[in-house]
Amino acid sequence: MKRAIMCFIGAMMVFSLVACTPTTEKNKTGEVKQTEAQGPTSTQGPGVVTDKNPDMDAPQLEVVSVYAPAEDGRKLNVKMESVETLDAQSLVDLLVQYNVLADGTKAVSYKTEGSVASEEVGPGIAKPQPGMPTEAPAQQDEYGTLELSQFPDDAKDQTVQAVVNTFTENLNVQYLTIKVGDKTIADKQGFSDK
């Protein structure tokens, strides 16, 4: 009998502790109310809470795609990076970082020529109709010529294509020629996803 009474008293103590434990209050939508101890916060978007304000002096970054051969050498992988200044040297530096080009490679020069005629691009390009916005698309040059200080002697086709893809996608050219001094590594080569 004493055991039954002790078990009953123990169970009552557990229930009373559970009943007396404070719980967070929820409003009708099921969200937890903010308590005063948490302090003020600002929201930057759905689900993002931060006490920091954005840094207005932070540099504006450009997001670029960098292509590099896969380990098996059969395809190209693409990585997204950001750069402060989008130019030939910043892309070469990223290609060096991903071991596509050798350390110390510099962009000696980069120039573009010829623009792609917007009406003659091909099927699927619609002429603006009355009432439609007539914003001009970003200009795309037809040919780009990149002169590098060096290029790997044992470079495979995927290495060349990685450089071509990186430059054609980020610097708005349709075809790229790669040179090292008087030697032409690639002549008017276009973007390829293979």
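Derivation of every value follows stated rules applied to the coordinates shown; laboratory data play no part. Nothing here was measured: the structure is a model prediction, and the numbers come from that model. FYI the Cβ positions are ideal-geometry reconstructions off the backbone, even for glycines, and counts take in every protein chain you see.
Observations
- Along the range 81-87 the Karplus relation, 6.51 cos²θ - 1.76 cosθ + 1.60 evaluated at θ = phi - 60°, assigns HN-Hα couplings of 9, 10, 9, 6, 10, 8, 8 Hz to successive residues, with x for each Gly and Pro.
- Legend: distances between Cα atoms for Lys75/Lys111; Lys75/Lys188; Lys79/Lys183; Lys106/Lys179; Lys111/Lys183; pairs beyond 19 Å are Lys75/Lys111; Lys75/Lys188; Lys79/Lys183.
- Environment charge at Val64 (Cβ cut-off 9 Å; Lys +1, Arg +1, Asp -1, Glu -1): -3
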